[in-house]
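What follows is a short report on a single structure.
The values are calculated or read from the model by the stated rules, or taken from the named source; none is laboratory data. Small disclaimer: the values here were computed from a predicted structure and weren't measured. Virtual Cβ from ideal backbone geometry, glycine too; neighbours counted across all protein chains shown. Note: areas computed on protein heavy atoms with side chains; ligands, DNA, RNA excluded. Shrake-Rupley method; radii C 1.70, N 1.55, O 1.52, S 1.80 Å.
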Amino acid sequence: MRRRWAAALTAALVLILGTATPANAGAPITTAIYTADPAALVVGDTLYLYTGHDEAPAGGTNFVMRDWHVFTSTDATNFTDQGAKLSISNFSWAGADAWAGEVERGADGKYYWYVPVNGNGAGWMDIGVAVGDSPLGPFRDAKGGPLISDSTPNSSPLNIDPTVFTDDDGQVYMYWGSYYGLRAAKLNANMTSLNGSVVTPSGVSNFWEAPWMFKRNGVYYLAYSANDSACSAPGYACIRYATASNPLGPWTHRGVVLDQVSSTTNHPAIIEYKGQWYMVYHNAAAPGGGNFRRSVTIDKLYFNADGTMQKVVQTGGPTTPGNLAASATPYTSYVSSWETLGAINDGYTPANSADHSHGAYGNWDHQGTEWIEYRWPSAQNISRIQTYWFDDDQGIDLPASCQVQYWNGSAYVNVPGQSSCGVAGNTFNTTTFTSVNTTRLRLNITSKSGFSTGVLEWRAFS
Ligand code: FUB
């Protein structure tokens, strides 16, 4: 059963996984390592982020996660990596998969780090707990075995992604799960054992995984990853949320607070820090990033007067469902040194053809035909592109013509049945063709005499 999560994920990703681009999407908290699955905690003046650590090689097809890092900040903008403060090796009974954890302060003043780990062979996930005397540890196994395992009555189909919440009366609650199997339980004051039985909360529509619980103005909030087609493209996930007047529910679904991101997985941490609320999450936007080389980022979050949450504006703009460009690496025959090739697949929707606010690809002062290209690590079925041309009203103008080509395994050839390759300004030009299955798609761009050409955004769809 536990195998299915990885297998299903891998199957879902097989057509879409790949490396993302160094684009203008939200700044990662670090580019020194790949980070994922953030949890946030405020202690005194400091914002702590507890993250997973993606170590998959470029083009890897599954998670490689061995330890967790702690990042600190005093302005929610600049983060310092305090290093790997917990690792699989801290749990003698676990062997792999340092997945999404969360830290909570206990009534005894110690810090408890709840983490899913592989404790029972490939694909089998348990939840363990480590303890430390400070938010930076050092942390040690607090229990000597799993807090939640498959032998826990009514446990989730996949026991991962714990979120731990302490109510005003001191009662601690833990939610966790995946595979649509959300579970909840009270914890004892010792933070390392369950108080009562595991319950299945109701009303949490389309729950997939990654719950995050918090309370605001007497209302309980549960944000979580959902992967239904109403909010995300196949294989991707959005963040929905529900509210309740009781910490164990019943819950009422309230909508989407974060659209899908550039990585297939999506994982929220919502926290108030110095009077501002934030959504901390991960995407695939760091240089060389991808679905298994993710990076944690942070954006502001706002509440409406009625307590509902506004959808988070992802720095760099939301992604377009189904846009295969998000998982491609861009190449070109030539780009001016001051321009940004990565701008073409950063997911931004330009205001007009002169909108350089998120960067642009431009090839001034070359004239004639230049090309841009997307490469994926595995073949994609592609039948449509959308191109937003850059026109700076100076040396770069709208092109005279364009032609889509694909790599057929030995050469670049024109795509079959191509419709007119539009060259209009201030809009996305849609070009369709008979579907091709390829790892590389190329757009040949021919300039008008005396001008160079540029592209603000180039999308590709199956
Ligand atoms: O990072 C491994 C898993 O991917 C996490 O446990 C899930 O929340 C998803 O982000």
Compute the helix-to-body angle for 3-13: its Cα long axis versus the longest principal axis of the chain, expressed 0 to 90° and rounded to tens.
20
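What FRET efficiency do you get for THR439 and ALA32 if R0 is 25 Å and r is their Cβ-Cβ distance, rounded to the nearest 0.05?
Values: r = 29 Å, r/R0 = 1.17.
For R0 = 25 Å, the calculated efficiency reads 0.30.
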Run the quick spin-label model on SER205 and GLN310: label points 7 Å from Cα toward the beta carbon, then report their separation in nm to one decimal.
2.3
Please compute the length gained on full extension between GLN394 and GLU55, using 0.36 nm multiplied by the number of residues separating them and subtracting their Cα-Cα distance.
117.6 nm
P(r) for the stretch 326-462, please, calculated from all Cα pair distances in 10 Å bins and given in %.
13, 48, 33, 6
Simple spin-label model, 7 Å along Cα-to-Cβ: LEU248 to SER333 in nm?
6.8
Rounded to 0.05, the calculated FRET efficiency for the beta carbons of SER410 and SER92 at R₀ = 56 Å is 0.60
To make sure I understand the rule: partners must be aspartates and glutamates, Cα under 20 Å from the Cα of LYS311, and not fewer than 8 residues away in the same chain. Which ones qualify?
ASP37, GLU209, ASP228, ASP259, GLU272, ASP299, ASP346
Mind listing which chymotrypsin sites (Phe, Trp or Tyr not before Pro) in the stretch 134-225 are in a DSSP loop and have 16 or fewer other Cβ atoms within 10 Å?
TYR180
Pulled fully out, how much extra length does the chain show between LYS274 and ALA107, if you take 0.36 nm times their separation in residues and subtract their Cα-Cα distance?
57.8 nm
Mind listing the phi-derived Karplus ³J(HN,Hα) values for the stretch 276-289, rounded to whole Hz, using 6.51, -1.76 and 1.60 with θ = phi - 60°, and x for any glycine or proline?
10, 8, 9, 9, 9, 7, 10, 8, 10, 7, 5, x, x, x
For the stretch 46-109 and the stretch 256-307, distance of Cα centres in Å
16
Eigenvalues of the alpha-carbon gyration tensor of the chain, times 5 and square-rooted, give semi-axes in Å, largest first, of 43, 22, 20
For SER202, which sequence-distant residues (separation of 5 or more, or a different chain) have an amide H within less than 5 Å of its own amide H, given hydrogens modelled in the peptide plane?
TRP251
Compute the accessible area per residue over the chain, keeping the other protein chains in place, probe 1.4 Å, unit Å².
36
